[in-house]
Amino acid sequence: MPQRPSVLLIENVAGLLSANQGTNYTKLHYVLNNLGYKSGAMLIDAVHFVPQSRPRVFVIAVSKGIDIPFELADTQPNWLHNKAATVLGNDLPDWIWWKTEKPEKRKISLSDIIDYTIPYDKNDVLRLIPPRHKEKLDGMDNAVATGYRRTRNGKQCLELRFDGVAGCLRTPEGGSSKQFLIVKQNGKVQARLFSPREAARLMGAPDSYILPDTYNDGYRAMGDAVAMPVATFIGQSFLTKLMEVAYNERHERKEVRIPS
């Protein structure tokens, strides 16, 4: 680009920080550094905002000439940094320990986003529930659980989670990519897949958001997306403030320029 942006935001899966003992991220960091940016990575899980476990890496890179507001930069790791980020941050030059307040405790739960009028048509997968999970389910009168099919010791099973949080949404390719919803009401256990609308709710999209016409396209749109509340949080906490600083500093430089 003839004029590089003052601020960059890069998103990727959590493995970006740890893959190949961190060398993948290290290469990215040095490329940004050589292009004139100082940067740092954060790990933010969408579970802070929506009932879905979706940890993602967000890298914010800022032109080296921009002074970062003190309230946005820490001197050490904080809640935004996992072990892998901490190791990288202690080793890499021009690393920024991004800082902001932790979001308030999430109020919405998995049961709040479910459409209980959708028919249950996947009860055949209930036979795949492992004994220890079935025992826990049998001990509940009512329950909402989620599960992915896994292969353990050569056998397929449906591992459940009962914490009111969905597993990370995926794109619809592959047999193990589809997440099942298991609902027990008045002692009766039933199963189905999440609907595209429920998937959109797990990503923080409002019901007014127009989804693609087909199930697979709807799931692909959500599985490849960034959770909307997370994007909003990063924009409000970091990007808007950094762009204001960049704008002000750019105009200050123009004002002090001496005419020839």
Legend entry - From the options K83, K188, residue that is under 24 Å from the mean Cα position of the chain (by Cα) and without any contact (Cβ under 8 Å) to a residue 24 or more places away in the chain: K83
Inset, instruction - Give the stretch 9-56 a look and list any residue that's of a type in the set (A, V, I, L, M, F, W, C) and more than 30 Å from D112 (Cα to Cα), or say none. - result: L9, I10, L16, L17, A19, L28, V31, L32, L35, A41
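Given the criteria open to solvent by less than 20 Å² (accessible area, probe 1.4 Å), within 30 Å of L242 (Cβ to Cβ), free of Cβ contacts under 8 Å to residues at least 60 places away in the same chain and not polar (S, T, N, Q), does G147 qualify? Write out each step before concluding.
Numbers: open to solvent by less than 20 Å² (accessible area, probe 1.4 Å): yes; within 30 Å of L242 (Cβ to Cβ): no; free of Cβ contacts under 8 Å to residues at least 60 places away in the same chain: yes; not polar (S, T, N, Q): yes.
So G147 does not fit the description; no.
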Legend entry - Checking Q156 against (1) touching a Lys or Arg at 6+ places or on another chain (Cβ under 8 Å); (2) closer than 23 Å to P229 by Cβ, the condition it does not meet: (2)
Legend entry - Residue list for the stretch 29-44, restricted to those being more than 10 Å from L88 (Cβ to Cβ) and crowded, with 17+ Cβ neighbours inside 10 Å: L32, N33, Y37, K38, S39, M42, L43, I44
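Filter the stretch 45-78 for residues that are farther than 22 Å from M203 by Cα and free of Cβ contacts under 8 Å to residues at least 24 places away in the same chain; which is nearest to the chain's Cα centre (by Cα)?
First pass over the stretch 45-78, keeping only residues farther than 22 Å from M203 by Cα: 61-78.
Those still in the list that are free of Cβ contacts under 8 Å to residues at least 24 places away in the same chain too: 70, 75-78.
On the way: F70: 26, T75: 25, Q76: 23, P77: 19, N78: 18 Å.
Top of the filtered list is N78.
Does L160 satisfy being modelled with pLDDT of 95 or more, touching a His at 6+ places or on another chain (Cβ under 9 Å), crowded, with 16+ Cβ neighbours inside 10 Å and in a strand (DSSP E or B)?
Values: modelled with pLDDT of 95 or more: yes; touching a His at 6+ places or on another chain (Cβ under 9 Å): yes; crowded, with 16+ Cβ neighbours inside 10 Å: yes; in a strand (DSSP E or B): yes.
So L160 passes the test.
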Inset, instruction - Taking only the stretch 166-199 into account, find how many residues are open to solvent by less than 40 Å² (accessible area, probe 1.4 Å) and in a loop (DSSP other than H, G, I, E, B). - result: 8
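Within the stretch 201-223, track down each residue that is assigned to a helix (DSSP H, G or I), open to solvent by 30 Å² or more (accessible area, probe 1.4 Å) and under 12 Å from I113 (Cβ atoms). Walk me through how you get there before you give the answer.
Pass one, the stretch 201-223, residues assigned to a helix (DSSP H, G or I): 201-202, 215-223.
Those still in the list that are open to solvent by 30 Å² or more (accessible area, probe 1.4 Å) too: 201, 215-217, 220-221.
Correct list: R201 only.
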Inset, instruction - Considering only residues that are farther than 26 Å from L28 by Cβ and part of a helix (DSSP H, G or I), look in the stretch 90-111 and name the one that is most open to solvent (accessible area, probe 1.4 Å). - result: S111
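Name the single residue, out of those in the stretch 2-25 being on the phi > 0 side of the Ramachandran plot and of a type in the set (S, T, N, Q), that is least open to solvent (accessible area, probe 1.4 Å).
Ranking the qualifying residues of the stretch 2-25, first place goes to N20.
Report whether or not Q52 is surrounded by 18 or more Cβ atoms within 10 Å (Cβ to Cβ) and of a type outside the set (A, V, I, L, M, F, W, C).
Details: surrounded by 18 or more Cβ atoms within 10 Å (Cβ to Cβ): yes; of a type outside the set (A, V, I, L, M, F, W, C): yes.
Answer is yes for this residue.
Could you say which residue among P196, P206, P131 is within 16 Å of Q52 (Cβ to Cβ), without any contact (Cβ under 8 Å) to a residue 12 or more places away in the chain and of a type outside the set (S, T, Y)? Steps first, please.
Numbers: P196 fails: without any contact (Cβ under 8 Å) to a residue 12 or more places away in the chain; P131 fails: within 16 Å of Q52 (Cβ to Cβ).
Sole residue among the options that is within 16 Å of Q52 (Cβ to Cβ), without any contact (Cβ under 8 Å) to a residue 12 or more places away in the chain and of a type outside the set (S, T, Y): P206.
The values are calculated or read from the model by the stated rules, or taken from the named source; none is laboratory data. Every value quoted in this text rests on a predicted model; they were computed, and no experiment measured them. Cβ atoms come from the backbone with ideal geometry, glycine included; neighbour counts cover every protein chain shown. For accessibility, only protein heavy atoms count, side chains too; no ligands or nucleic acids. Shrake-Rupley method; radii C 1.70, N 1.55, O 1.52, S 1.80 Å.
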